[in-house]
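One structure is given here, and the rest of the page talks about it.
The values are calculated or read from the model by the stated rules, or taken from the named source; none is laboratory data. Remember, it's a predicted structure, so these values are computed and weren't measured experimentally. Cβ coordinates were reconstructed from backbone atoms using ideal geometry, including for glycine residues, and neighbour counts include every protein chain displayed. Heads up: the accessible areas ignore ligands, DNA and RNA and are worked out on the full protein's heavy atoms, side chains in. Shrake-Rupley method; radii C 1.70, N 1.55, O 1.52, S 1.80 Å.
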Amino acid sequence: MSTRIPLPYSPKVLEIFRNPKNLGPLEDATIVESAGSPACGDMIRLYLKIVNIDGQDIVERATFESYGCAANIAAASILTEMIKGKRVEDAWRISWKMLSDELGGLPPIKYHCSILAVGALKRGVRAYYKKIGKHPEWLPKDLTIEEKQVFEEEEMMERYYKSMKALGEVR
Amino acid sequence: MSRKVKELLESHGTPQKEIYFDLENSGFIPDEVVEAMMPYFNKKGFGHPSITHRIGWESLEIVYETKELIAKTLGIRNPENIVFTHSGTEANNLAILGFLLKNRDKGKGKKVVVSAIEHLSVIFPARFASELFGFKVVLVPVDREGFVDPEMLKYYIDKDTILVSIQTVNHEIGTIQKIKDLIDIVKSANPNAVFHTDAADAYSWIPIDVEKLNIDMLTISGHKVHGPRGVGALYVKEGVELESPLKGQLSVEKLWPGVENVPLIAGFKKAVEIMFSNFNYRVNYVKNLRDKLMKGILDRVPEVLVNGPVGGMRVDNNANMSFLRVEGEALTVELSLHGIYVSSGSACSSRVLEPSHVLLAIGRKHEEAHGSILFKLSHYHREEDIDYTLDVIPKAVERLRKISAWR
Ligand SMILES: Cc1ncc(COP(=O)(O)O)c(C=O)c1O
Ligand code: FES
């Protein structure tokens, strides 16, 4: 096999993996955004229903689909719980580290599973403001660390497949 | 450290039914083998096999008996050509690194040829020796089922090739190489090239006659035959010279310093006895179970790929399948919660987040490799174990596919 590494998941990861919340597509989602790709080995799709109540943008509901490891599924599930009912601005402030801590601390090799979930959320928030043609002050122009990482992972795979195609290694 | 794992285990709980298929990575030791080892911990032969007292000689006796038995099962005339190491990994390191160390002066310009699907304990030492001494390491590609084509191998062997290592059976996808043809090709292209084969996954599953095949070096490992972990052996043909990469006080083995682990060697012997006592019957029994498992999965679950060959050129204990649209690590956890223990070649379960190099080498795309699950069967499995597994797998895959973002 490939090289192995011990992965002592926290009981919380296991518990959420068993019973993930907010699964599957959301019919009336305002925004659908994904991060990663099957080729990277992990991919998350977030469905966000964002409403404006008294001038405040609120995440009314969020659901997810995940093609990823147990940590990834747990991260996506808990993230959708964390942002439910939150102001979009507050949801934006969730970092991959906060999410990882919420899961009882992920092993370092699994950090990117949390990054992927938060990356998808941040993309979703940007997409929302683009869609409604607004740019709130708190939304930075520069990509966040999570968005950058997700982008890099996706790019890396694209490059890999391009080079393999050139070598005739991939159908 | 351990507290986290303890909590994890408590949260997991012990499933009512448990079936262990992860014999690739390690396995339980049958009672008879445990019983054969026990006396050597505290009743007899617990001494150093190279010291002149009765307890030392008792150790020596079992070390020699084990070598004689292994020699017999592999068609090796002189049991002294077998070296015990403390694992299969060490045996492969002794073979590859030991040979290249001995020939390090020749470094530049000389070639080492290994297949692209070798165990990492072959590929990494070869690369290491290449960094140290300048050998050129060439990975021979395999076809979509994992075969090295003998006709193609011919083009890789030239007068500068000093070492070739191609395993007899692949540990992940079960490909049984046409090893005789490969050796003949190597020897006719360059009679001086030394041929090593890692037979860890072939031993006790297909007949091997080392001397008839003209094999120069061959690796086996204890826990691959239901013996204990932490013991392996390397056959080294007379005339093949190695320099041990390990330095220290010698005992029985000239090539592997440190005291031999006599209880594990005694267990190795018992395990080999069991595996060879009813060879054909056992292999056929396992083949039927394996076929039932593979066919059952293909019948019940859509979008499944078989990794490796089907039919007679696949070793009879191996089933490796990719479940598309699910990630393999998540599936191992899901199956574990149902008491089915398997491993995956997914990137998510590796240290470097890269999928299995074996699956990539047979042309599997990343997303195909990610969903791979490896089952290894043995005569300790029962038909109802397979029935239970076939009951659980469709549900487990279905649940994860429902979650999956890959549609
Ligand atoms: C083909 C092959 N070679 C070598 C080894 C290494 O053996 P060990 O685990 O005893 O170090 C293994 C073990 O998985 C193997 O499958
Ligand atoms: S999704 Fe691949 S490691 Fe978590």
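Would you kindly state how much longer the chain becomes between B:ASP291 and B:GLU18 on full extension, computed as 0.36 nm times their sequence separation minus their alpha carbon distance, in nm to one decimal?
Difference between extended and current length: 96.2 nm.
Tell me which cysteines of the protein assembly as shown come out unpaired when the rule is another cysteine's Cβ under 4.7 Å.
Lone cysteines by the Cβ rule: A:CYS40, A:CYS113.
Using only the C-alpha atoms of region B:1-149, find the volume of their convex hull and express it per residue in Å³.
Convex hull volume per residue, Cα atoms: 255 Å³.
A:ARG61: accessible area at probe 1.4 Å, nearest 10 Å²?
We get 100 Å² for A:ARG61.
With every atom except the alpha carbons ignored, what do you get for Rg and Dmax of chain B, in angstroms?
21.7, 69
Under a Cβ-Cβ cut-off of 10 Å, what is the net charge of the residues other than A:ALA35 that fall near it, where Lys and Arg count +1 and Asp and Glu count -1?
-3
Within region B:158-182, what residues put their amide N at less than 15 Å from the label point 7 Å along the Cα-to-Cβ vector of B:ASN192?
Once the point is set 7 Å along Cα→Cβ of B:ASN192, B:158-164 turn out to lie under 15 Å by backbone N, inside region B:158-182.
Roughly how many percent of the accessible protein surface of chain B is carbon and sulfur, given a 1.4 Å probe and a whole-percent answer? Mind showing how you got there, number by number?
Working: 8800 of 16620 Å².
Of all accessible area on chain B, carbon and sulfur atoms account for 53 percent.
Helix-only mean residue ellipticity at 222 nm, chain B, DSSP H runs n ≥ 4 weighted -39,500 (n - 2.57), per residue, nearest 500. What is it?
One gets -13000 deg cm²/dmol as the mean residue ellipticity at 222 nm.
Determine the residues within region B:374-407 where the difference in accessible area between the chain on its own and the full set of protein chains amounts to at least 50 Å²; count protein heavy atoms only and use a 1.4 Å probe.
For region B:374-407, once contacts with the other chains are taken into account, B:ARG399, B:ILE403, B:ALA405, B:TRP406, B:ARG407 lose 50 Å² or more.
When the solvent-accessible surface of protein heavy atoms is calculated with a 1.4 angstrom probe, in what order do B:LEU255, B:LEU374 fall, highest first? It would help to have the intermediate numbers written out before the result.
Details: B:LEU255 40, B:LEU374 5 Å².
If we order B:LEU255, B:LEU374 from most to least accessible, we get B:LEU255, B:LEU374.
Mind checking the angle between helix A:111-132 and chain A's longest principal axis? C-alpha axes, 0 to 90 degrees, to the nearest 10.
40
Output the direction-averaged projected area (hull surface divided by four) of the convex hull of the alpha-carbon atoms of region B:357-407, in nm².
4.9
Translational diffusion coefficient of region B:33-276 at 4 °C, 1.567 mPa s, Stokes-Einstein with Kirkwood Rh over Cα pairs, in µm²/s as a whole number.
In µm²/s, the coefficient is 71.
Relative contact order (percent) for chain A, with alpha-carbon contacts under 8 angstrom and 6 or more residues of separation?
For chain A, the relative contact order is 23 percent.
What is the mean projected area of the alpha carbon convex hull for region B:233-337, to one decimal in square nanometres? Intermediate results must be reported in sequence, preceding the final value.
Details: hull surface 46.2 nm².
Mean projected area of the Cα convex hull: 11.5 nm².
Could you work out the local net charge near B:GLU151, counting Lys and Arg as +1, Asp and Glu as -1, over the other residues with Cβ closer than 12 Å to its Cβ? List each step's numbers first, then the result.
Details: positive: B:LYS154, B:LYS178; negative: B:ASP143, B:ASP149, B:ASP181, B:ASP184.
Computed value for this residue: -2.
Tell me the total accessible area that B and A bury against each other, 1.4 angstrom probe, in square angstrom rounded to 100. Intermediate values should be presented prior to the final figure.
Numbers: alone 18570 and 9760 Å², together 24360 Å².
That pair of chains buries around 4000 Å² in total.
For region A:106-147, what is the Kirkwood estimate of the hydrodynamic radius, computed as the reciprocal of the mean inverse distance between distinct Cα atoms, to one decimal in Å?
Value: 11.3 Å, from the Cα pair sum.
Taking 8 Å as the Cα distance limit and 6 or more residues as the minimum spacing, I'd like the relative contact order of region B:33-276 as a percentage.
Normalised by residue count, the contact order of region B:33-276 is 28 percent.
In region B:240-314, what trypsin sites (Lys or Arg not before Pro) fall in a loop by DSSP, with at most 13 other Cβ atoms inside 10 Å?
Hits after loop and neighbour filter: B:LYS247, B:LYS254.
In deg cm²/dmol and to the nearest 500, what is the mean residue ellipticity at 222 nm of chain A if only DSSP H runs of at least 4 residues count, each as -39500 (n - 2.57), divided by the residue total? Don't jump to the answer; show the numbers that get you there.
On the way: 6 runs with 79 residues, N = 171.
Result for chain A, helices only: -14500 deg cm²/dmol.
With a cap of 15 neighbouring Cβ atoms within 10 Å, and only residues DSSP puts in a loop, list the trypsin sites (Lys or Arg not before Pro) found in region B:1-95.
Taking region B:1-95 and a limit of 15 other Cβ atoms within 10 Å, the loop trypsin sites (Lys or Arg not before Pro) found are B:LYS17, B:LYS43, B:ARG77.
How are the alpha carbon pair distances in the protein assembly as shown distributed across 20 Å bins from zero to the largest one, expressed in percent?
Calculated over all Cα pairs of the protein assembly as shown, the distribution is 20, 46, 27, 7, 0 percent.
Using only the alpha carbon atoms of region B:177-267, find the Kirkwood hydrodynamic radius as the inverse mean reciprocal pair distance, in angstroms to one decimal. Please report the intermediate quantities before stating the final value.
Numbers: mean 1/r = 0.0676 Å⁻¹.
After inverting the pairwise mean of 1/r, the radius is 14.8 Å.
Region A:11-167: percent of C-alpha pairs farther apart than 20 Å? Before the final figure, lay out each step's value.
Numbers: 5797 of 12246 pairs.
The calculated P(r) of region A:11-167 puts 47 percent of pairs beyond 20 Å.
Heavy-atom accessible surface, probe 1.4 Å, ligands and DNA/RNA ignored: which residues of region B:161-182 lose at least 20 Å² versus the isolated chain?
Buried-area filter returns B:GLU172.
Which FRET efficiency value, to the nearest 0.05, do you get for B:ARG104 and A:SER95 by plugging their Cβ-Cβ distance into 1/(1 + (r/R0)^6) with R0 = 56 Å?
Efficiency computed from Cβ-Cβ geometry: 0.65.
Identify, among B:ALA129, B:MET152, B:VAL306, the residue whose Cα sits farthest towards the positive end of the charge dipole of the protein assembly as shown, taking +1 on the Cβ of Lys and Arg and -1 on the Cβ of Asp and Glu, with the dipole about the Cα centre.
Checking the options against the dipole of the protein assembly as shown, the answer is B:ALA129.
Could you compute how much accessible surface B:GLU303 exposes when probed at 1.4 Å, giving the result in Å² to the nearest 10?
So the heavy atoms of B:GLU303 present about 90 Å² to solvent.
Could you provide, to the nearest whole Å², the per residue accessible area of the protein assembly as shown with probe 1.4 Å?
The answer is 42 Å² per residue.
About the Cα centre, and with charges only on the beta carbon of Lys, Arg (+1) and Asp, Glu (-1), how big is the dipole of chain A? Nearest 20 debye, please.
Roughly 200 debye for chain A.
Normalised by the residues of chain B, what does the relative contact order come to in percent, with Cα pairs under 8 Å and at least six apart?
Computed over chain B, the figure is 21 percent.
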